[in-house]
Amino acid sequence: MSDAAPSDRSLQILNTVLLVLAGCVVMVPTLWMVASSFKQSFEVTAYPPTIIFTPTLDNYVALSETTPFLHYAFNSMIVTMASTALGLILGAPAAFVASWTRITWPAIVTLVARMAPGTLFLLPWYVMFRQVDMIGSYWSLILTHAVITMPIVIWVLIPFFDNIPRSVYEAAQVDGCSPARVFWRIALPLVTAGLAVSAILAFVFSWNYFLFALVLSNSDTKTLIAASFNFIGEGSTNWGALMAAATLIALPPLILAVIVQRWLISGLTLGAVKG
Amino acid sequence: MASISMRSLVKTYGDFTVIPGLDLEIADHEFVVLVGPSGCGKSTLLRVLAGLERINGGDLYIGDDRVNDVPAARRDIAMVFQDYALYPHMTVRQNMAFALEMRGMDKAEIETRVKRAAGLLHIEDFLDRRPKALSGGQRQRVAMGRAIVRDPRVFLFDEPLSNLDAKLRAQVRAEIKALSQQLRTTMVFVTHDQVEAMTMADRIVIMKSGIIQQVGSPEDVYERPANLFVAGFIGSPAMNVLPVTVAGDRLVLSNARSVQIASLGSKRPAALIEGATVDLGIRPEHFEVAPDDPNAIAVTVDLVEPLGSDTLIHFKLAEINAIARVSPDLRPKPGDSLSLSPVPGKIHLFERETGEVIR
């Protein structure tokens, strides 16, 4: 028998119902995608949809035979990792300065840039990169994806830096640290959890970003997400292969999303001050 | 080790002036306590000394160096923060060694200094622990160790005892005092606790609204307060302040002229003219029970607070609340009558308008 009061119990029930609903909204399309990738082509678009089916790896075989999947995966990895690293290198000091000086408007500018539709930047970038003959290079993708990763890093890290007691920074200054050293020796080691979270989020957003890769890459530098567009034809679409590609593309972010849970709980600043 | 000189020092935040122009000289090896109520500017002054705040006017010297524009990192001062501000990702040893590493000191020398300071503060057993594994008192010692190990020109303490419980506070207070005598380094200590100020300082600086009210030895500020603010701030319970009128060589309560509260005796200040109204200050401990004195004031006891070492008697003098500290042997009850008279030579007179002492 539960000790909870009736109002607590109804709240718990409401909680559970909402969680199940939210879970359905998130999980049904994902499960649909995974299930479709193991179906025959005609079953993918069958109506009513087939729930019970004989799983097949045909779509995965077709994917590996018809597209240089590993090459695209390599491209995605290069672009994503480099743009994440660039986002961290530029974003972490920026977040530290925004937190230290309590001047957040530059960070807001980066957020606005992140929130603006990508198409806004696409044409100027295309013109710029064409003029310097960088269309189709990894760098054009890495630099444009940094516009996605850097604001994420900044906005994830600002509260982590804010959380460090100011007196710890001041103690470091009194101990002989320049602001750069305060950042490197004191602040950065104290936000490792934030760095991990921001890196993983930046990775996921860059990995999944479609538009810039579609326009700025070529067949050699195309990323997985842009390459998956190949399965959508004007006359017919290979839904099974597309679902297989989508499933494989979704795997790294999904794995990282599971890992991020472990990092979210940050107790590193415990003991810095009284208490 | 160095002296400190503040000359017409001004600190503002936008339009708000925290320190409007302060002059203070602190001698080499001196232990000075800045004391005052919250918002009086004492912590701001300490942060200015540390280089954590820029000054907006005047000059600041540490030793012979004008340090107005010298950053904290290059002032060679050590500071113990109110919340200790230990580096949570470092062990105690690393916390203490950090400042020395920043100065590029030899590793063997760092180890020697850390061990020496740890021995001095009895924290040798915690050297490999992180701050979160320490109690409040232990963290406080580590914070002091981090300062000591540097052998700085000046030590700054920003209310370092305020997070400790009463027993530990008294213990650490004594330890800091002993340490100051051992290290012979210039120390500036900020507190709002007048007991800390009185027990530790060579000199006390009492501040209000960014202005120094009095600078003097603990005895000075207690025995000879410069104004009503100092008189009320130093001493616990606070000094009793009663409006009195000068009538011949007597002081009578302004609102009850039949009550003579004290006699001026032969040392009547020249500034006191007949009929003038002034504030009379009497510390609770400067009342004595005088049943046989015909001039004693008869009071009715309102409240009795036995403290063990002595007893506080609350009473009213013509509707003004007052307190007397008497021997613990005396155990009156509320409603009892008591004859009290001020200890001769222990009364203080202040101007009504300015609050300045009349001497």
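We did not get these values from a lab; they are worked out from the coordinates using the rules stated. What you are looking at is a predicted structure, and each value in this text was computed from that prediction instead of being measured. A quick note on method: Cβ atoms are made from the backbone with ideal geometry, for glycine too, and the neighbour counts reach across all protein chains shown.
Dipole check for the stretch A:116-245: with +1 at the C-beta of Lys and Arg, -1 at the C-beta of Asp and Glu, and the Cα centre as origin, the magnitude is about 120 Debye. Per-residue 3J(HN,Hα) values for the stretch B:220-231, derived from phi via the Karplus relation 6.51 cos²θ - 1.76 cosθ + 1.60 with θ = phi - 60°, read 4, 5, 7, 7, 10, x, 6, 7, 4, 4, 5, 4 Hz in sequence order (x marks Gly and Pro).
Only residues of the stretch B:99-114 count here: report those whose backbone N is under 16 Å from the spot 7 Å along Cα→Cβ of B:Arg74, or say none. Under 16 Å, as judged by backbone N against the label point of B:Arg74, lie B:103-104 of the stretch B:99-114. For GluC sites (Glu not before Pro), the sites in the stretch B:263-359 that DSSP calls loop and that have at most 15 other Cβ atoms within 10 Å are B:Glu274, B:Glu319, B:Glu353.
For the stretch A:51-58, backbone phi angles converted through the Karplus equation (6.51, -1.76, 1.60; θ = phi - 60°) give residue-by-residue couplings of 8, 9, 8, 8, x, 9, 9, 3 Hz, Gly and Pro being listed as x. Rounded to the nearest 500, the helix-only mean residue ellipticity at 222 nm of chain A stands at -23000 deg cm²/dmol, with each DSSP H run of n ≥ 4 adding -39,500 (n - 2.57).
Comparing B:Gly345, B:Gly41, B:Gly281 in a Gaussian network model of chain B, where Cα atoms under 10 Å apart are tied by springs, the biggest mean-square fluctuation is seen for B:Gly345. Couplings for the stretch A:122-136, taken from phi via the Karplus curve 6.51 cos²θ - 1.76 cosθ + 1.60 with θ = phi - 60°, read 4, 5, x, 4, 4, 5, 4, 5, 5, 5, 9, 6, 10, 5, x Hz in order; Gly and Pro are left as x. Across the alpha-carbon atoms of the stretch B:137-266, the computed radius of gyration and Dmax are 19.8, 64 angstrom.
For peptide B:139-151, the mean count of partner chain Cβ atoms within 10 Å of a residue's Cβ comes to 1. The Cα trace of chain B gives Rg and Dmax of 24.5, 78 Å, the first to one decimal, the second as a whole number. Peptide B:90-96 has a mean of 1 when you count, residue by residue, the C-beta atoms of other protein chains within 10 Å of its C-beta. Each of B:Asp329 and B:Val10 was given a label point 7 Å from its Cα along the Cα-to-Cβ line. The distance between the two points is 6.0 nm.
FRET efficiency for the pair A:Leu11 and A:Tyr126, taken as 1/(1 + (r/R0)^6) with r the Cβ-Cβ distance and R0 = 56 Å, rounds to 0.60. Between the Cα long axis of helix B:136-148 and the first principal axis of chain B there is an angle of about 70°, rounded to the nearest 10. Round to the nearest 0.05 the FRET efficiency obtained for B:Asp165 and A:Ala116 when R0 = 51 Å and r is the Cβ-Cβ distance. With R0 = 51 Å, the Cβ-Cβ based efficiency is 0.40. Of all lysines in the structure, those lying under 18 Å Cα to Cα from B:Lys132, and not within fewer than 8 positions of it along the same chain, are A:Lys274. In this simple spin-label approximation, B:Thr277 and B:Asp65 carry label points 7 Å from Cα along the Cα→Cβ vector, and these lie 5.6 nm apart. The charge dipole of the stretch B:21-141, taken about its Cα centre with unit charges on the Cβ atoms of Lys, Arg (+1), Asp and Glu (-1) only, comes to about 680 debye.
Once both labels are positioned 7 Å from their Cα atoms along Cα-to-Cβ, the gap between B:Ile211 and B:Lys107 label points is 5.8 nm. Take each residue of peptide A:175-181, count the partner chain Cβ atoms within 10 Å of its Cβ, and average: the result is 6. Please work out the FRET efficiency for the pair B:Leu264 and B:Ala178, using the Cβ-Cβ distance as r and a Förster radius of 30 Å; give the result to the nearest 0.05. Given R0 = 30 Å and the Cβ-Cβ separation, E is 0.10. In degrees between 0 and 90, to the nearest 10, how far off the longest principal axis of chain B does helix B:92-102 point, with axes built from Cα atoms? Between helix and principal axis, roughly 70 degrees. Pairs from the table (B:Lys208/B:Lys333; B:Lys42/B:Lys167; B:Lys42/B:Lys316) lying more than 32 angstrom apart at Cα are B:Lys208/B:Lys333; B:Lys42/B:Lys316.
Computed about its Cα centre, the charge dipole of chain A is approximately 640 debye, with only Lys, Arg, Asp and Glu carrying charge at their Cβ. Between helix B:166-183 and chain B there is an angle of about 60 degrees, using the helix long axis and the longest principal axis of the Cα atoms. For the stretch B:245-332, applying the loop criterion from DSSP together with a ceiling of 16 other beta carbons within 10 Å to the trypsin sites (Lys or Arg not before Pro) yields B:Lys267.
Close amide H pairs (under 5 Å, H built 1.01 Å from N) link B:Gly57 with B:Val10, residues at least 5 positions away or on another chain.
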